[in-house]
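Q: Before I ask anything, here is the structure I am working with.
Derivation of every value follows stated rules applied to the coordinates shown; laboratory data play no part. As the structure is a computational prediction, the values presented were derived from the model and not from experiment. A quick note on method: Cβ atoms are made from the backbone with ideal geometry, for glycine too, and the neighbour counts reach across all protein chains shown.
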Amino acid sequence: MILEILEAIIFPGALYTIGMGFLFDWLDRKTSARMQGRIGPMIAGPYGTLQPLADFLKLLFKEEIIPSHADKLVFLFAPALFFMAPILSMLFIPIIGPTSIAGFQFDILAILFLLGFSAFVVSILSFSSASSFTTVATGRLVLQYVSYEIPLVLSIIAAALCSRSLSVEGVVGAQTRIWNVFFAPIAFCVFIVAMMAELEKAPFDIPSAKTEIVGGWLTEFSGRALAFLKLTKEVSYVFGCALAVSLFLGGPLGPILNFGVPVSILYFIYFTVKILGVGFVIFVLKTSLTRIKIGQATQLFWKILTPLSLCQILLILILIQGGLIVAT
Amino acid sequence: MSTDVDKRREESAGLMEYSAENLVPFGPIHPSLKEPEYFKIILEGERIVDVIPRIGYVHRGLEKAAEMRPWVQNMYMFERTCGICSFVHSLCYGQAVEGLTIFQVPKRAEYIRLIICEMERIHSHLLWVGLMGHWAGFDTLFMWVWQDREVVLDLVEAISGNRVHKSMNAFCGVRRDMPEGMEKHIVERMKFMTDRARYYREIIDTEETMLERTQKVGAHVTQDTVEKLCAVGPMARYVGLRQDVRLNNPYAAYGEVPFEIVTRNEGDVQALLRLRLDEIIASANMISYAVENLPDGPIKVKIPPVIPAGEHSSRCEAPRGEIFYYVKSTGGRTPDRVKSRQPTLANLPLALEILKGQTLADVPVVLTAIDPCFGCMDRMSFLDTEKNKQWTWSGEQLRQYGINYYFPDRKDKA
């Protein structure tokens, strides 16, 4: 029992997730800087690796300002709720072995619920700050959520169909021989695009477009709340990549080598390398694309990605009927 | 009391029919505005119904200040009108003053003026392309373009000794000669600039997300609207009007250097991007030609500090469009009156017209599209909210007001 609690809090639970969040933030900044001909953070720590942590700590000590019109209860508590969602979702992802910390039979549904929950929390916390920028941001946020939700869920269903399981452990376990990405490449691409919209990365950084609506839904936040909201965005990034890896790239599974190294460490290394790889793809895409308008994003998701993911599901059903996909 | 005034102010601006929820303030301090300016944006959902500007946050009183300074000092003060197209302001003012004298500008000086002007155009256009990327949410373009802009800035520094305010111009000439042996280097760098401009043309023409943001934005504006709203510079050329002071009324050495006017017909923001990048190529060609055919001779004629009485005006094509200077002298050591008009003021009505019917996401893109320089254009208008009345002053009244303001005890010298 105590071991499980320690696992959930320290490794591979919350602490690992937060640490990866900081690492992702650093990698994100470094990659886009190198692509743009800059050098990126260099001061804090070797090659600036501690810069995200330094920013976080600095924000913790800043004054917190609550707008006079804001709904104070929601304004103060929603950031905590928002922070909880990706941390909790990470407990369903197997990291150091084929089993996760809190996994159960239908935990994919729980993950879907938590994804919707975090979008809901963001919209109410954005609305609670009651400024015109956040009001516009809320509208965009909800519209964007409605747009990407359908293809996201459909692509998750495609992965679940391939493995004939509704739990992340089951999906990972079914990929011992061949990864789902080879059966469902379209669903994988759709998932990455929808995930970018969920994480508000360019070209879908519409609800937080800084040149249009200042800071988007983050405009009125400061101090501690801002520190945690920013951290949550990074942690969601880690979770998004972890979900992509678990559903399509075999999770922590990989060739077992006999070095005398414990298997769980190998699994952990495979998993970390995989999520960094997926994260890197998103960094590169994000740096090389222009922000699109909300109407164009909705059209993209509803007119192109939704039919594509439906086609993928149909394809998988045909493969299953033909006996090419065999549930293990 | 104050609410009463506010109410009347809103009534006079036609704002009463909209509720406060529909109003998104854009500025005066906003991340996408590098200078303070205020736009009231009336929204219906994401769609813009109306935009009401309020200008005047950076009014600096340059015209009045010019009346109190010697002729030569004014040249370097007007250079400070703008931090991007600085040389062309001093050139335009200088030409207006030169028109009052009997002296001729040496040929070599005119060529050097052209070279600096065109380098300024390249750097201004590159700056604009970068900002366009930034405001559309494409920071990579911004970083790349601004890196290439350094090439031109270095050349300007090598020629004039300064990067931003060149302080190159003088009455009837320029202050510094071209450095020895620079010709080959400049031509080489201009070739590099042409290559880069072609490369960015390719990016802009093929990058899907960039195309989606810029194509068809503001395409509802016709040639007639542009003519009616008196837009100048690239904002007139992008709907196909052949309007360019360099072509219509050549100054400096523009009459002698081969010049090809760039126009486009699409009339959207995409056309502006292509047009400005094409103009960079045209400018690079002009610089190469001018450097290779630079005439020998003096670079400056000395003129007395007192300018003969009379009035004269001058027009120049700044990177943003036509600028206009009017100078009046009574034969003294200071000008009697200087009037300047900057292109942003001329282009702002068109930008507001383009915005109507677009979405909020287009605001930064369209406002950037006119290449705004609010610091250059700010003016005063009179609006008495107590009596709810609006009026204008004649130049004489305005002058009297200025004299009374600065010298309250000198009322007799009207």
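Q: Show me the ranking of peptides A:77-89, B:291-303, B:107-119 by mean Cβ neighbours inside 10 Å, starting with the highest.
A: Values: A:77-89: 20.4, B:291-303: 14.0, B:107-119: 24.7.
The peptides rank, most packed first, as B:107-119, A:77-89, B:291-303.
Q: With +1 on each Lys and Arg Cβ and -1 on each Asp and Glu Cβ, how big is the dipole of segment B:211-320 about its Cα centre, in debye rounded to the nearest 20?
A: Rounded to the nearest 20 debye, it is 260 debye.
Q: If we count other beta carbons within 10 Å of each Cβ, what is the order of A:T298, B:T214, fewest first?
A: Fewest-to-most ranking of A:T298, B:T214: A:T298, B:T214.
Q: Run the paramagnetic zone check for A:L109: 7 angstrom along Cα to Cβ, then residues of segment A:241-284 with backbone nitrogen under 20 Å.
A: A:247
Q: Determine the dipole magnitude for chain B: charges of +1 sit on the beta-carbon of Lys and Arg, -1 on that of Asp and Glu, nothing else is charged, the reference point is the Cα centre, and the result goes in debye to the nearest 20.
A: Here chain B has a charge dipole of around 1500 debye.
Q: Mean Kyte-Doolittle of at least 0.0 plus a Cα span of 20 Å or more along the axis: flag which DSSP H helices in chain B meet both, please.
A: The answer, listed by residue number, is B:107-136, B:139-160, B:269-292.
Q: In what sequence do B:W71, A:W302 fall when counting other Cβ within 10 Å, fewest first?
A: A:W302, B:W71
Q: Using bins 5 angstrom wide from zero, how does P(r) for segment A:109-244 break down, in % of all Cα pairs?
A: 2, 10, 18, 22, 17, 12, 8, 6, 4, 1, 0
Q: Determine the relative contact order of chain B: mean sequence separation of Cα pairs under 8 Å and six or more apart, normalised by residue count, in whole percent.
A: 24 percent
Q: Around A:G170, with a cut-off of 10 angstrom between Cβ atoms, what is the net charge of the other residues, counting Lys and Arg +1 and Asp and Glu -1?
A: Around A:G170, the surrounding residues sum to -1.
Q: Please find the FRET efficiency linking A:I66 to B:I52, where r is the Cβ-Cβ separation and R0 is fixed at 35 Å, and quote it to the nearest 0.05.
A: Numbers: r = 31 Å, r/R0 = 0.88.
Efficiency at R0 = 35 Å is approximately 0.70.
Q: Please state the relative contact order of chain A as a whole percent: Cα pairs under 8 Å, 6+ residues apart?
A: Normalised by residue count, the contact order of chain A is 26 percent.
Q: When Cβ neighbours within 10 Å are restricted to other protein chains, what is their mean count per residue of peptide B:131-140?
A: 5
Q: Right, another one. Report, as an integer, the average count of C-beta atoms from other chains found within 10 Å of each Cβ along A:31-44.
A: Whole-number average of other-chain Cβ neighbours for A:31-44 is 2.
Q: Could I ask something else about it? Specify, per residue and in Å³, the volume enclosed by the convex hull of the alpha carbon atoms belonging to segment A:11-132.
A: 165 Å³
Q: Using only the alpha carbon atoms of chain B, find the Kirkwood hydrodynamic radius as the inverse mean reciprocal pair distance, in angstroms to one decimal.
A: About 22.8 Å, per the Kirkwood formula over Cα pairs.
Q: With each label point set 7 Å from Cα along the Cα-Cβ vector, what nm distance links B:Q215 and A:L6?
A: The answer from the label model is 6.0 nm.
Q: Moving on. Given points 7 Å out from each Cα along the Cα-Cβ axis, report the B:V301 to B:R69 separation in nanometres with one decimal.
A: Result: 2.5 nm between the two label points.
Q: Could you give the radius of gyration (one decimal) and Dmax (whole number) of the Cα atoms in the protein assembly as shown, in Å?
A: In Å, with Rg to one decimal and Dmax whole: 30.9, 104.
Q: Taking Cα atoms, how many degrees apart are the long axis of helix A:185-198 and the longest axis of chain A, rounded to 10 and kept between 0 and 90?
A: Between helix and principal axis, roughly 20 degrees.
Q: Shielding by partners for A:211-220, please: the mean number of other protein chain Cβ atoms within 10 Å of each residue's Cβ.
A: Partner-chain Cβ atoms within 10 Å, mean over residues of A:211-220: 4.
Q: In nm, to one decimal, how far is the B:K228 label point from the B:E208 one, both placed 7 Å along Cα→Cβ?
A: 3.9 nm
Q: Can you put B:H123, B:H134, A:H69 in order of Cβ neighbours within 10 angstrom, beginning with the fewest?
A: Arranged by neighbour count, lowest to highest, B:H123, B:H134, A:H69 become A:H69, B:H134, B:H123.
Q: Now a separate question. Principal axes first, then extents: for the Cα atoms of chain A, list largest minus smallest coordinate on each axis, whole Å, largest first.
A: Reported extents, whole Å, longest axis first: 62, 48, 45.
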